[in-house]
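*Asks:* Let me begin by handing over the structure; questions about it come next.
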Amino acid sequence: MSTRALCEDLARALLARGWMLATAESCTGGMIAAACTDLAGSSQWFERGFVTYSNAAKSELLGVDAALIEQHGAVSEVVARAMAFGAVRQSRAQVSVAVTGVAGPSGGSAQKPVGTVWFGFSVDGQLTSETRRFEGDRAAVRQATVDHALRRLLELLPA
């Protein structure tokens, strides 16, 4: 399914519930928000996006505890969850997605190779998280992250 089709399905699902979405993005630099707002009428279901590329931005804009970043690294489950929680807390949204990862081509490690992305989701007060490893160059990793984030949001919304 194309990114646009995922956004269209997500829009319908959020509108049906009267819910709004907020995004908290690091490795994608606002690509999820851009994909969502490419749709006309997105202001009815897209509340705001946070591009928190630096560790300081994660703390200042989303309230992520700097000690968590120091202890676990920015690319970690606890930080992704804290970002998702912070996006809802700092907005009027009921749903959020957060992404933090290593898009490459450098910056990876044995524990967190290039292509590693942590996702955090908050849906009506319920936090979940998961990690994925995507193959390809920087553009491919970032696009795969956008598509996975949108697909999982659709799956996590209650029927």
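The values are calculated or read from the model by the stated rules, or taken from the named source; none is laboratory data. Please read these numbers as outputs of a predicted model, since none were measured by experiment. Glycine gets a Cβ as well: all are built from the backbone with ideal geometry, and neighbour counts include every protein chain shown. Note: areas computed on protein heavy atoms with side chains; ligands, DNA, RNA excluded. Shrake-Rupley method; radii C 1.70, N 1.55, O 1.52, S 1.80 Å.
*Asks:* Assuming a viscosity of 0.692 mPa s and a temperature of 37 °C, what translational diffusion coefficient in µm² per second does Stokes-Einstein assign to the chain, Rh being the Kirkwood radius over Cα pairs?
*Replies:* For these conditions, the coefficient is 216 µm²/s.
*Asks:* Tell me, in nm to one decimal, what length is gained between ARG89 and ALA159 on full extension, where the rule is 0.36 nm per residue of separation less the Cα-Cα distance?
*Replies:* My answer for the length gained is 22.8 nm.
*Asks:* Per the 1.4 Å probe, what fraction of the accessible area of the chain, in percent, lies on carbon and sulfur atoms?
*Replies:* 51 percent
*Asks:* Could I ask something else about it? Can you give me the Cα centroid spacing of the range 2-49 and the range 129-159 in angstrom?
*Replies:* Cα centres, the range 2-49 to the range 129-159: 14 Å.
*Asks:* Could you give the nm distance between label points at ASN55 and GLN143, where each point is 7 Å from its Cα heading toward the beta carbon?
*Replies:* It is 3.2 nm.
*Asks:* Contour minus end-to-end for THR37 and GLU8, with contour as 0.36 nm per residue of separation and end-to-end as the Cα-Cα distance?
*Replies:* Length difference between fully extended and current span is 9.4 nm.
*Asks:* For GLN111 and ARG151, calculate 0.36 nm times their separation in residues minus their Cα-Cα distance, and state this gained length in nm to one decimal.
*Replies:* 11.8 nm is the gain from fully extending GLN111 to ARG151.
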